[in-house]
Structure formats: C-alpha cells, structure tokens
1. Residue under question is Val503, and the condition is that it be within 16 Å of the ligand (Cβ to nearest atom), within 30 Å of Asn609 (Cα to Cα), touching a helix residue (DSSP H, G or I) at 6+ places or on another chain (Cβ under 9 Å) and at pLDDT 90 or above; does it hold?
2. Could we say that Ser451 is among the hydroxyl-bearing types (Ser, Thr, Tyr) and within 12 Å of the ligand (Cβ to nearest atom) here?
3. When you check Ala690 against the structure, is it in a loop (DSSP other than H, G, I, E, B) and either of a type in the set (Val, Ile, Thr) or not assigned by TED's automatic domain parsing to the domain that holds Phe483 (or both), yes or no?
4. What's the total number of residues in region 657-686 that are within 47 Å of the chain's Cα centre (by Cα) and closer than 18 Å to Leu636 by Cα?
5. Being touching a residue at least 24 places away in the same chain (Cβ under 8 Å), under 27 Å from the mean Cα position of the chain (by Cα) and assigned to a strand (DSSP E or B), is that true of even one residue in region 168-181?
6. For a quick check of your reading of the model, give me the residue pairs whose first member lies in region 422-445 and is at pLDDT 90 or above, whose second is among the aromatic types (Phe, Trp, Tyr) and in a loop (DSSP other than H, G, I, E, B), with beta-carbon atoms closer than 8 Å and at least 6 apart or on different chains.
7. From the list Arg194, Arg127, which residue is basic (Lys, Arg) and modelled with pLDDT of 95 or more?
8. For Gly222, which of the numbered conditions (1) in a helix (DSSP H, G or I); (2) over 21 Å from Ser176 (Cβ atoms); (3) in contact (Cβ under 8 Å) with a residue 60 or more places away in the chain; (4) out of contact with any Phe, Trp or Tyr (no Cβ under 8 Å at 6 or more places or on another chain) fails to hold?
Amino acid sequence: MNQEECLQLSNQLLKGDFEIPKESDAELLATQLRSVINFHDQIYYVQSNSIITDYEYDQLFAWLKLIESNYPEFITPNSPTQKVANGLNNDFQTVTHLKPMMSLENSYNAEDLADFEKRITDAIATRNTIQYTVEPKYDGSSIALVYENDIFVRAATRGNGNEGDEITQNAKSIKSIPLKANFSQFGIRKIEVRGEVIINSANFELLLNERNELNKSLKLAGKKTLELFKNPRNTAAGALRMKDPKEVAARKLDAIIYNIGYMEDMDGKEFSHPAFQSQYGNMDKLHDLGFKTPEAERGKFETIEAAAAFCLSWENQRASFPIEIDGMVVKVDDILQQTIIGKTTHHPKWAIAYKFKAQQAFSVLLKIDYQVGRTGAITPVAKIDPVQLAGVEISSISLHNEEFITEKNILLGDTVIIERAGDVIPYIAGALFEKRNGTEIKIQFPSTCPSCNHHLVKPIEESIWRCINPNCPAQLEERLIHFGSKNCMEITGLGEEIVRKFVAEKIIQNFTDIFDLDYEKIRKLEGWKDKSVENLKQSISQAKQQPLWRLIAALGIRHVGTNTAKQLEKQVQKLQDLQDWEIEKLTELEDIGPKVAQSIFEFFNDEENIQLLNKLEELGVNLSNISSSLKLSALLEGKTFLFTGTLNKMSRDDAKELVEKHGGKNLSGISANLHFLIAGEKAGGKLTKAQKIPSIQIIDEDTFLNMIKD
Ligand SMILES: [Zn+2]
C-alpha cells in the first residue's frame, strides 16, 4: 500500500458506521483496518509525520478493537491492537535500552487518580507514608542518554520501548545535553537517564517563520516548496532522525531530563544508589549535575488530592507555558516503594499519566463566506457556532480553498473538529461523519465573484479560484489598503479602516485618487477635524517621496513582494523603463523565476498601467531610482572585464566606469573568473596569458562598445 492508497482506504473506512459488522464482513473489515493502522503507525513513528488527524486515527483503532472483541477468531498476532508500534528507523543503528522504557497508564480526572491511589495503598498498605511527585508530560520525543565514566556515550530514541534508534551524534548537537557529568562522585560508573526532547513555542515559531519565508522564495522561483512544520512534537521527533547533526542544531532543540532508568556501580553491577531514592530528589541531583530538569512545573505532595489539584492547575495554565505539555505524570516518590509496588508487562504500577483534554473543539458549520483578496483570490471562510478552544472564542476559520473542502469531505451543517497546536491559528481537522443525519448540504463553490459577479477562473495546477475583473470593488479596496500599508508606501494616516471608509464614500477609487484627495469632503466626514485632515495631508505628501521600491511593491503586481521590488529598483532609472524589458531579461535577475518575470512583463505591457504610472508621476509621486541614478543599464550584469593595451576611443578609467555603470565588474588580473579581455593596441603579457584560458573571450574596443549600445 502506498500513502495515497492508504489515505483513500482510510477515508473510505472513516465514512463507515463504526458498528459491529456482520460476521461475513468482519474479517475483511478487520484486515483493512489493520493494514491502514499499521501504515499510519509507520508514517507516524518512522517518518514522524501523519496524514490523518489523531481523532481519525483513534476512531479507526477503536473500531478495530470493537470488531476484534466481538470476533476474537479474527485477531492476528500482528494486529496493531496486540503490540506496541515498532518505532524503528532503518537509517539508524538499533540499540537495546539498559532497561525497557515502559509506557504509562492514562487517567483523565481526579477520580481516576483516586482509583490509582487505592491500587497503590492496597499494594503497600501504608497510605500515610506515600508521597507523590508530579511532573509534566512534555509533548516531545523521548530520549535515553547513557553516561559511562562520566562521559556521554550514547543517545537513543524510545523506539518500541526495548530497542531504539541510536542518535548519539544528533543528541550531541543539543546544547542542554552535557557531554560530561560527574556521576563518579557517587560511585556510579554507568547510568542511563531519560527525558524528552522538545522545541519551545518561541523557537517553534521562529522555525515556522523561517520555513514560510523559504517557501515563499522557492514558490516564486517556481520550485517545489518544503513541507510545513506541523507541531513542535513532530518537528522535534523529525529533527532527532535527521542525517546531518548541523541541521539538528538549527532546530533549536532542548532536552529535559527527569528520570533515571538504570545505574551501575564501579564494579559494573546494577544497583540503586542510596543518594538517589526519591524521584523528586533525583531531579534536583540531575539538575546539579548539569542537566535541564523540570522546574516550576513539578511538585511533591503528601496526598493524591493535592497532586490532582496540581495537575488541574497545569491543565488550566498550559496555554501560557512556553513548552507544549499534554498532561502530567503522577509518580510514587520513594524509589523503594516503587519497587515494592512493581509493574505489569506494559507499565509501572507506581506511575500514571494524567492526560489533559485535547486542544480540540467541536462545532457546527453554519455557512461559508467567500472573501475576495487583493489579487482576486477567493478564500472560503467557515462560519461556525462560536466555540471555546484553549481559552479563545472561535467563530470563523479559513477553509483555504475548494480542494481543502473536497479533500476533507466537509458538508454544510457538519459537526467539524477544530484543532490547534501551539500558538498556531486554529484549523478544521475534519468532520464527524457519524454525526451526519442526512440534512447536510454539499458545499457549492461559487462560480462568480461575491463582490462584482464576474465569473471566476482557476488556472491549471493552481488550487485558488480568482476573480479576474480588474475593476472588482472588493479587490480594489484590498489593493488600496495594501498600497498604503507598512511594507509598501507606508502612508501612516491611511490605515485599513480609513481606506474602507473612503472607498465607501467614493472618495478614493484608485491609486491616483490618494494623491488628489478632496480634503473638503473629508473635513465634512464624521470624526474628522482640521488637525486630522492636516495630518493626513502631510503623510500623503511625505509618501510622494518614498524610494521607488516602495511604489513597486505597492502596485500589487502578482508575485512581486518587497525583495523583488528592491531588485527591480536597482535595474532602472525610471520605473517606466521596465516597459522595454523582455521576459528573458527579467529572468536573468537574481531570485526572479519565469512566473514572476511573466507577471512583471504583463504589468508593464499594459497600456492602462503605464498611464497610471504617468498619472502618479504628474501628481508628484517619485518614480525615479534616486539612489543609483548613475546607473545606465544592467547590460553587463554578472560579467567581468579587464582592459589591456592602448585604447583609442576612451581612457582606461572611462572604460572601467562604463563597465560599472552598465552593471559589470572590473577585474585586475587574468584568471578563470574573467569573462572578457578587451585588448587594445600593443597588448602584451596579459593577452598571451588570456589566450591560454579558453573561457575568456578576447574582444576589441568596438565590440565592447557595441555590447553597451542598447
Ligand atoms: Zn470581483
């Protein structure tokens, strides 16, 4: 099965009724569920990725369990219900943990914790002496570190609990993992400590921004974009399995250590050191030894009630904590008591996870609004019954595009799952198909613009529908807002609200109107005083003198952002010069791919646009490249020159200046970097030398002058 087939089968299964099937169907259904679950496990544990939501996965898993419990004869030994997923990656060496890394039993509320306490006291029958340590369950990737003779020698992922991937080199790039720790002072020769590798929210946001920027430029260059980071956990887990430790370092990982898995005395015998007999105290010691350990987010309590209250308080403040935590872990603090209480084959009996409620909410999709962007892009926005998610009320969420709606199979009236990870904007993870009652309606993407009624178009290979009416009022309004915005003309007095007001009052209808405002009319508007009118006047008059790149960016040419605008500014003396540029010439510029070039070309070959530029210039807006008015052309851009011998038509200095004015570079000697040697009369040694390098073109003065003749 490949990813696509798996997704297809999963979606088909997810549309099912999740009930106990007839015996004749049970075996096939169980087989299908097993194969997709195994596939999702593989993607999740090995590639640290997922193609369905956690919720959907749980649904599939629960259904398989239901079928198997009713038809035990169809259970197979390799069913995902029968094993812990094998999280091993073939690219890494497999190593055995010194002691198995067990998973934890889950609990969800104070009653569950009370049951947990009862089981413990039954086991040791001395309730009063039990203390509990509570620590966070970080949402990261588990790690086990081995130190031998005080030196960090090995790191491994959790893997399947018994064996993990050896990732020592990658772990060494994590700054919070000490390469040395003085365990020998306690007579400990070898020790395995355990913890979680995480990315904190601030660093995750940085990574997200970096990737967004990178993708933007890849997209503009017509290249394939990189996958976005989904959440801190996936990103951390993925980072640990990267091949280049330098890239791992760039992910800004942190390791928080909170547990001791195994220790050995100086004779190589396993033992339990008398100084390491309290879970809470062990964290203090690990901290003193140089490890990063949980700080305010841990506590030690005399009663399970106090421990439960601590869990609850963290559940309530998790959103403001800089590291994602999906629960707390309650442990019996005394290591000796832990040993007495013991373990099952799967998990220790002296510890339990207290899981936080998912960052998930459910609501009904009431209607879809279609918003028109400044480039005409139509974005469907879901209006939902207002719902609280992680302390924020949500009533509308972007559905991105038509494809997204089709892929998720979302219908109007559906109960949708809203999720959020970290501080990332909430998104719709899918619909609850089992809640459908037949009244849901297929979402019909409009064929005309909600603002101007012009028909919409969708270029092949794009997923966005667009209104292509150049006079579309909705687009116009967005373009005007963009024009005056901070990264464009930066007209401080002309913010979004004012633009909308002016458009509504028909005070502004296009870019040129901004520089030809009817201030008398504005003065009569509600809320406007002489002073505010004066301020607006002043900020608009200042905007006329902005550097040219700001105007280029403000024009809203498709795919042209501030970087491209700055690039273009360098090439011209006056903006209208770009009328003469062919697509080929544009693509020669750095960072300008065919798509961007096409768009620039089209803009400057539209007579209306040129008229607009001329009108702006008449109104006093700067259209000249003031900063490099010396520059004549970019004809020699990227090329290198050297003059030798006697020139007849110009001096050596004039010749060099011409090279620079046309964007070329002068070299001082013969090398493989040289493109052109201009040989005048009586050229000597340099000419001879250049003749030996085939890549150098040897030309005369006239040929050079022809090169810069436009
Ligand atoms: Zn329109």
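1. Values: within 16 Å of the ligand (Cβ to nearest atom): yes; within 30 Å of Asn609 (Cα to Cα): yes; touching a helix residue (DSSP H, G or I) at 6+ places or on another chain (Cβ under 9 Å): yes; at pLDDT 90 or above: yes.
Answer is yes for this residue.
2. Details: among the hydroxyl-bearing types (Ser, Thr, Tyr): yes; within 12 Å of the ligand (Cβ to nearest atom): yes.
Yes, satisfied.
3. Details: in a loop (DSSP other than H, G, I, E, B): no; either of a type in the set (Val, Ile, Thr) or not assigned by TED's automatic domain parsing to the domain that holds Phe483 (or both): yes.
It is false that Ala690 is in a loop (DSSP other than H, G, I, E, B) and either of a type in the set (Val, Ile, Thr) or not assigned by TED's automatic domain parsing to the domain that holds Phe483 (or both).
4. 17
5. The answer is no; no qualifying residue exists.
6. Phe445/Trp465
7. Details: Arg127 fails: modelled with pLDDT of 95 or more.
On inspection, the qualifying residue turns out to be Arg194.
8. Looking at each condition in turn, Gly222 falls short on (1).
The values are calculated or read from the model by the stated rules, or taken from the named source; none is laboratory data. Since this is a predicted model, take the numbers as computed values, not measurements. Backbone-built Cβ (ideal geometry, glycine too); neighbour counts: all protein chains shown.
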